[in-house]
Structures are given as C-alpha cells and as structure tokens.
Amino acid sequence: MSVSNFCSADAQNTAAVRAKVTFQTLQEKKQQGKPITALTAYDYATARLVDEAGVDLLLVGDSLAQVVLGYDTTLPVTMDEMLHHTRAVRRAVKHAIVAADMPYGSYHVGVQEGVRNAARFLKEAGAEAVKIEGGASRAELVERLTDAEVPVIGHLGLTPQSVHRMGGYKVQGKSVAAADTLLRDALALEAAGAVLMVLEGMPREVAQHITQRLNIPTIGIGAGPDCDGQILVFHDLVNLSFAKPAKFVRQYGDAAALFRSAIDGYVRDVERRNFPTEEESYHLPKEVRGAFETAPLRRKA
Ligand code: KIV
C-alpha cells in the first residue's frame with residue numbers, strides 16, 4: 001500500500017493547538033474585523049489539505065457538478081451525489097466548519113421537502129450547515145430549517161442555480177433597484193435565522209453596504225474585498241477548472257501543469273521500461289527462489 005498513514009510533525013502540531021471552528025467563531029471574527037477564510041472542497045485529499053492549512057469553512061459546493069463531474073451547469077447534481085462528496089469531506093476535516101450546498105430541486109418544491117433534505121446532510125453526511133440560494137422568497141424555509149436545528153447559509157447575487165432566469169452568469173445588483181432588492185433579501189434571510197451570507201457576483205459597493213448592514217458575517221466571491229471573508233472554488237485556485245478564469249479568480253498554483261508533468265513522466269518511463277525498477281519490485285525470499293524456479297509447473301515442456 002502506497003498511502004502514508006502518518007502526518008508531518010507540522011500538521012500534528014497545528015492540529016494540537018487549533019480549536020474547532022464554529023459559527024460563533026465566525027461571528028467573533030466579524031466583530032473583531034478578522035477576515036474569514038473559506039474554500040470549496042469535494043474529496044478527502046483536498047479537504048484534508050484545506051483543513052490542515054487552517055481555512056475556517058469548507059463548502060461542499062454544488063459547483064462540483066462542473067469542476068468534478070463535468071456538467072455545464074450546477075443544475076444536474078443530485079442529493080445522492082452531494083451527500084456522497086460531503087461524507088468524503090467530513091472524514092477529512094477536523095477543525096473547519098463543513099457546510100454543504102443544497103442542490104437544485106432539493107428545496108424548490110416545498111418547505112417540508114427542503115427541511116427533510118437538509119436534515120439528511122446533517123444526519124447522513126456530517127455537515128454542520130447547508131447553503132441555499134435565493135432571497136426573501138426563501139425566508140420561510142430558512143425559518144423552518146433554523147427551527148429544525150439546521151444552520152443555514154444564504155447565497156445572494158449571482159446564484160448559479162438561477163442561470164436560466166438570469167440569462168447567463170451575469171453580475172447582479174447593478175441598478176439602484178436591483179441593489180435595494182439584494183439588501184432587502186439579505187435582511188430578510190438574516191431575520192429568518194441565516195448564520196452566514198455568501199455574496200456572489202455583485203458590485204463591490206453593494207457587497208460592502210450589505211456587509212455593514214448585516215449582523216451576521218458575509219463571505220464574498222466576485223463581490224470585492226469588503227466582505228467579512230472570501231471564498232473561491234478550489235479548482236479555480238489551482239488551475240484545474242479547464243475554463244477561462246473569471247475576473248475575480250486569482251490562481252495561486254498550477255495543479256494542471258504539475259499533474260501533466262507527473263503523468264507525462266510516468267507514461268515515458270513505462271514506455272521505455274524505466275518503471276518499475278528492480279528496487280521498486282517485490283522478490284521471493286531467497287529460500288523459496290530455488291524451489292520456485294525448479295518447480296514442475298515452470299519447466300518448459
Ligand atoms: O457551489 C459553490 O462552489 C458555491 C461557492 C462558489 C460559493 O456556491
């Protein structure tokens with residue numbers, strides 16, 4: 001087995017001193033003006049790295065429909081797929097908050113079905129919160145989820161599940177009326193019990209105003225630097241999205257180049273019989289080797 005079962009001394013030390021992050025921690029960060037860090041994660045390996053790096057919140061985003069499953073939009077991803085990935089992330093994370101996206105269709109038919117589906121994320125996958133897209137029309141659902149002990153993260157602005165209604169992935173809240181609607185939506189979700197608000201794809205000025213007006217923290221993505229925290233899609237951060245990055249994305253690494261060079265090296269070595277070497281092979285014990293070579297089954301006829 002090639003999987004290493006021990007962490008580095010650094011990772012162990014960090015694990016020893018870090019406290020579990022809760023929504024109270026995020027609230028305190030807002031009050032103290034300390035930026036909140038969040039990233040998406042969809043699998044054990046990357047979730048483990050993100051958690052060990054000290055990120056506050058990991059979101060199992062429905063963006064996994066695109067960056068992991070190869071769909072064009074987030075719409076096709078199912079409850080079962082979201083639960084499957086949330087479980088993998090849960091197994092990796094010790095400190096950060098693990099939140100899961102409610103997929104399209106899982107909370108749109110009725111409040112009762114929304115509550116039932118949200119509870120599955122906590123009960124069957126170990127999530128600590130769910131995220132839902134949409135404004136004041138979701139307030140009743142947020143209230144019912146809060147009553148059912150499910151912490152809710154709101155998501156306003158460019159909400160990818162509304163791609164067809166928006167006519168594409170377009171920055172929202174660009175007129176005074178549209179910005180006012182976003183503010184009213186944010187206040188309605190907060191009053192209904194939301195614990196955190198993702199603000200996506202909106203002018204910096206609008207996100208800044210909403211952030212000042214809300215008591216709960218805001219997490220921005222394409223919403224400028226004045227939010228209480230920032231989130232990015234993990235695959236965008238490391239150049240694994242196979243798409244032209246949006247204006248707000250900053251790539252901090254090139255995993256595509258790293259993976260390509262590793263795969264090319266492997267293919268080259270196998271084709272030239274440079275892999276595996278003698279040192280990378282297992283051998284029969286010396287005392288067995290002689291008997292093995294002379295055993296009747298291996299004698300040429
Ligand atoms: O699905 C997702 O990854 C998201 C984040 C970008 C906020 O909703």
Just checking, which of A119, A127 is surrounded by 15 or more Cβ atoms within 10 Å (Cβ to Cβ), under 21 Å from G61 (Cβ atoms), within 16 Å of the ligand (Cβ to nearest atom) and assigned by TED's automatic domain parsing to the domain that holds R184? A127
Could you say which residue among D101, D72 is of a type in the set (D, E) and more than 22 Å from G154 (Cβ to Cβ)? D72
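Yes or no, residue by residue, for (1) hydrophobic (A, V, I, L, M, F, W, C); (2) under 17 Å from the mean Cα position of the chain (by Cα); (3) under 17 Å from I221 (Cα atoms):
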{"position": "G33", "(1), (2), (3)": "no, no, no"}
{"position": "L49", "(1), (2), (3)": "yes, yes, no"}
{"position": "L57", "(1), (2), (3)": "yes, yes, yes"}
{"position": "V60", "(1), (2), (3)": "yes, yes, yes"}
{"position": "G70", "(1), (2), (3)": "no, yes, no"}
{"position": "L75", "(1), (2), (3)": "yes, yes, no"}
{"position": "A88", "(1), (2), (3)": "yes, yes, no"}
{"position": "R91", "(1), (2), (3)": "no, yes, no"}
Condition first: of a type outside the set (D, E, K, R), surrounded by 16 or more Cβ atoms within 10 Å (Cβ to Cβ) and farther than 23 Å from Q31 by Cβ. Can you find one or more residues in region 186-202 that meet it? yes
Does any residue of region 126-137 turn out to be touching a Phe, Trp or Tyr at 6+ places or on another chain (Cβ under 6 Å), within 23 Å of L69 (Cβ to Cβ), assigned to a loop (DSSP other than H, G, I, E, B) and at pLDDT 95 or above? yes
Take region 47-84 and flag every residue that is more than 15 Å from the ligand (Cβ to nearest atom), assigned to a loop (DSSP other than H, G, I, E, B) and in contact with a Leu (Cβ under 9 Å, 6 or more places away or on another chain). A53
Scan region 269-278 and give yes if some residue there is of a type in the set (S, T, Y), farther than 18 Å from L156 by Cβ, more than 24 Å from the chain's Cα centre (by Cα) and assigned to a helix (DSSP H, G or I), otherwise no. no
Taking E293 as the residue in question, decide whether it is surrounded by fewer than 13 Cβ atoms within 10 Å (Cβ to Cβ) and acidic (D, E). yes
Evaluate the following for A100: is it part of a strand (DSSP E or B) and closer than 21 Å to D56 by Cβ? yes
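The values are calculated or read from the model by the stated rules, or taken from the named source; none is laboratory data. This structure is a prediction, so every number in the text was calculated from the model and none was measured. Note: ideal-geometry Cβ built from the backbone for every residue, glycine included; neighbour counts use all protein chains shown.
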